[in-house]
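Working notes, structure below.
Bear in mind these aren't lab numbers, they're just calculated from the coordinates by the rules spelled out. What you see is a predicted model, and the numbers here were worked out from it, not measured in a lab. Here the Cβ positions follow ideal geometry from the backbone for every residue, glycine too, while neighbour counts run over all protein chains shown.
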Protein chains: 2
Amino acid sequence: MTPTNTAFSVNGRTYKPAQRPIVTICLDGSADEYLDAAMARGLMPNLQRMSIRGFRGMARGALPSFTNVNNASIVTGVSPAVHGISGNYFYDPESGQEVMMNSAKYLRANTLLAAAAQAGRKVAVVTAKDKLREILSHGLTGIGFSAEKAADAQLATHGIADVEKLMGEPAPAIYSANASLFVLRAGVALVRAGLADLLYLSFTDYMQHKYEPEAPEVLDFYAAIDLELGHLLELGAVIGATADHGMNAKQKLNGEPNVLYLETMLDEKFGGGFRVILPITDPYVLHHGALGSFASVYLPPTAKLMEVSSWLMKLPGVTEVYDRETAAEKLEIPADRIGDLVVMSGRDVVVGRTTAHHDLSALDGGLRSHGGRYEEMVPFVISEPLNAGYQAKARGDLRNFDLFDFTINGTQL
Amino acid sequence: MTPTNTAFSVNGRTYKPAQRPIVTICLDGSADEYLDAAMARGLMPNLQRMSIRGFRGMARGALPSFTNVNNASIVTGVSPAVHGISGNYFYDPESGQEVMMNSAKYLRANTLLAAAAQAGRKVAVVTAKDKLREILSHGLTGIGFSAEKAADAQLATHGIADVEKLMGEPAPAIYSANASLFVLRAGVALVRAGLADLLYLSFTDYMQHKYEPEAPEVLDFYAAIDLELGHLLELGAVIGATADHGMNAKQKLNGEPNVLYLETMLDEKFGGGFRVILPITDPYVLHHGALGSFASVYLPPTAKLMEVSSWLMKLPGVTEVYDRETAAEKLEIPADRIGDLVVMSGRDVVVGRTTAHHDLSALDGGLRSHGGRYEEMVPFVISEPLNAGYQAKARGDLRNFDLFDFTINGTQL
């Protein structure tokens, strides 16, 4: 059945989908170097063709450069200041609790996936990590499941059952290349079976946290991704792909993680009572040990904001420090969900809380991570030629959360 | 004659050159997207082979992301805080004059080119723009000339005469692809003739200011670069290439330059007497009309630093504002050669002085420029495999001014 081309509007934008399968992909943690390394070796002929026939450029992601933040931005088409998701983890001032930010109750904008479904598209969301499913499927009448818990998907709750049967393979381990490849193969299977015609496929960055771009394991991974891109192209899909954030090594020359334990340092310097929130924190500790390049700092009543701010900015490895208001304005983060100060660290530096908060032995190899300014820029690829209006738009400050806009509106003549 | 492998030390580093021609290249304005676009189309087979056999990654340039600053960093191996070159143009507090920063009298560090020559290497510097020649050839016993004024080179002053005869072609127009290609072909000719065995070849970014990465003109340009890389590889050279800065479109959707006229705005808001220095300013106005993403602001005595700083930071399009001390520390700029405040602007925004200071009609097409944080990251390619120590170093916060270190020391087993 031909997909509907009924337009839908959400968060101030109107989308006019083509009557073809539309597949958007969030290549979690895919710094551009990963594509470069695989493409130079001829391992991504389909992505190569897409980038010549269509568009390949760099897009600016949302800050902090974390997974939940950017996934929420991509499916809503707006910045975190609007959609409200400020991290994987935050301090909820209402409850006084530090909590995971996986619940859709924290989402302040509707998703364009829900709107597309309402307009009659067969929408499917497949995510590697189950933690993202609730936010991405919020309000969605359609299919939504994770690779991690594919076996648990039920028609009533996930819009689909028997996923493993459809796929002809069991759900993958979450700490594997397969966790992402399963997502992409699920997308192919759903399009092929006519079960979905507007898809959002969101990977996990386990491989990028673990391997640098030239590692054979990660080259194999990108080659396997390319194979599935080929299948999607054969099925007539328009494909748009970007990443939620980049990835950099965050270690010293001797291989040790390069960490500033901010809460310890602040407590020692200014006499206790500081709360440092690391919004990278999530249940998947093997990836990064909750160490990233962004922190939110809550000050005790006794501390002087300017004094603490200046002191933080003088720390080697710290690159930017902003008060709440400036961070909200310049970094587009919801002011009520960050601390009194936010701190970003350098390309090879992460911020931690106290040594007790981080189990470095859980780190699977060296530390590669993200969260700051140096993981803000991500690749952005569209399989079809852009029309004139979107060619001009692409030359500006292209954002990764314009992915649906470009994939849907940018490819229509 | 086999090149000498005598070690030399400069600015705290020791270099132990291989007994092969060593050719380093500054691909002026080569944002990584230019390499991506050309490589995806199969136009750079030699660079592709280099990146597989050797190393390709991203390096962090020096700020402000301008030509003189980064060329000085590359040939000294240190940051602007050490070598003293803070822009193409600055306000000299000693003379009270605004002047071009092309003179070697502003250089506070010796170049490794001069040191290599002293150790017995046959050194040659070839630059597209003559403005760079003096700084790059400072203290050098060897060859140093520009494509722009190749016809003027004399043995006594440039270490070589009859350049056009050696090359078999006339000096190119400065506003051309040939201005850079001539530099590279000169490098090939010098190595082939046995006149040089350690070279620094520095391009001009005219093409990147003028064309976006997918433009046929710029694709042809990179294909022509690759051809010469092939010749250098055939001559047995070890090649290291990086860029001084990236390049982004700085215009509105309607094609107009996206400019904040800071001096006008500050004078209007705070009552006059502000001096805004744009360190991108140079004699080559067709490139960018002196519009970049970095400004240095000198305050009148009446102005309050914190107040002006906060106001600037609130301006849409401004991304970072630092006082002199913080800029010196965090951006590694010489404190005595910047203003009371420095300002950086967004990926698609430039800062200007007053409308009278900028002849927009001189802009050759749209405005593409650089100078800020979003042009800080640049490609970095070494033709030979890195040894274990430099593989680890490459995984850290790799800098573009480590180019000689990697090309010379990183490729020795």
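Observations
- Expressed to the nearest 5 percent, the antiparallel share of DSSP beta bridges inside the protein assembly as shown is 60 percent.
- Fully extending the segment from B:Ser95 to B:Lys16 would add 24.3 nm, taking 0.36 nm per residue of separation and subtracting the current Cα-Cα distance.
- Segment A:Thr4-A:Ala335, length gained on full extension (0.36 nm per residue, minus Cα span): 115.3 nm
- Measuring max minus min along each principal axis, the C-alpha atoms of the stretch A:1-152 give extents of 52, 38, 36 Å (largest first).
- Within straight-line cross-link reach of B:Lys122, aspartates and glutamates at Cα separation under 14 Å, skipping those fewer than 8 residues along the same chain: B:Asp197
- Within a straight-line Cα-Cα reach of under 18 Å, A:Lys269 can be paired with the following lysines, leaving aside sequence neighbours fewer than 8 residues apart in one chain: A:Lys304, A:Lys314.
- Take B:Lys304, move 7 Å from Cα toward the beta carbon, and the resulting point lies 1.6 nm from the same point in each other copy, nearest first.
- Bridges between two residues of chain A, per DSSP, are antiparallel at a rate of about 60%.
- Working from Cα pairs under 8 Å separated by at least six residues, relative contact order for chain A is 27 percent.
- For the protein assembly as shown, the fraction of alpha-carbon pairs in successive 20 Å shells from zero, as %: 16, 49, 31, 4, 0
- Label point of B:Thr2 (7 Å along Cα→beta-carbon): distances to the other copies' equivalent points are 7.5 nm, sorted ascending.
- A Förster radius of 22 Å, combined with the Cβ-Cβ distance separating A:Ser310 from B:Lys269, puts the computed FRET efficiency at roughly 0.30.
- Note on the stretch A:37-68 and the stretch A:213-281: Cα centroid distance 16 Å, given to the nearest whole angstrom.
- Reciprocal mean inverse distance between Cα atoms of the stretch A:259-369 - Kirkwood radius, Å: 14.2
- Inter-copy label distances for B:Ala156: 9.7 nm (label point placed 7 Å from Cα along Cα→Cβ; shortest first).
- The mean of 1/r over all distinct Cα pairs in the stretch B:76-130, once inverted, gives the Kirkwood hydrodynamic radius of 13.0 Å.
- Computed over neighbours whose Cβ is under 9 Å from that of A:Lys393, the net charge equals -1, Lys and Arg +1, Asp and Glu -1.
- Selection from B:Ala241, A:Met58, A:His370 lying farthest towards where the dipole of the protein assembly as shown points positive, charges on Cβ: B:Ala241
- Reducing the stretch A:145-180 and the stretch B:324-350 to their Cα centroids gives an inter-centroid distance of 51 Å.
- Cα-projected label distance for B:Ala215 with A:Ala173, points at 7 Å along beta-carbon direction, nm: 5.1
- Cα-Cα over 24 Å, subset of A:Lys393/B:Lys129; B:Lys210/B:Lys252; B:Lys105/B:Lys393: A:Lys393/B:Lys129; B:Lys105/B:Lys393
- The value obtained for the stretch B:41-111, namely the Cα convex hull volume divided by the number of residues, is 129 Å³ per residue.
- Partner chain coverage, peptide B:393-400 - average Cβ within 10 angstrom: 5
- Per residue of peptide B:266-276, the mean number of Cβ atoms on other chains within 10 Å of the residue Cβ is 0.
- Cβ crowding within 10 Å averaged over residues, with A:23-30, B:338-345 ranked highest first: A:23-30, B:338-345
- Using R0 = 30 Å, the C-beta based FRET efficiency linking B:Glu234 and A:Leu235 works out to 0.10.
- Using the empirical formula 2.2 N^0.38 Å as the baseline, the Cα radius of gyration of chain B reaches a ratio of 0.95.
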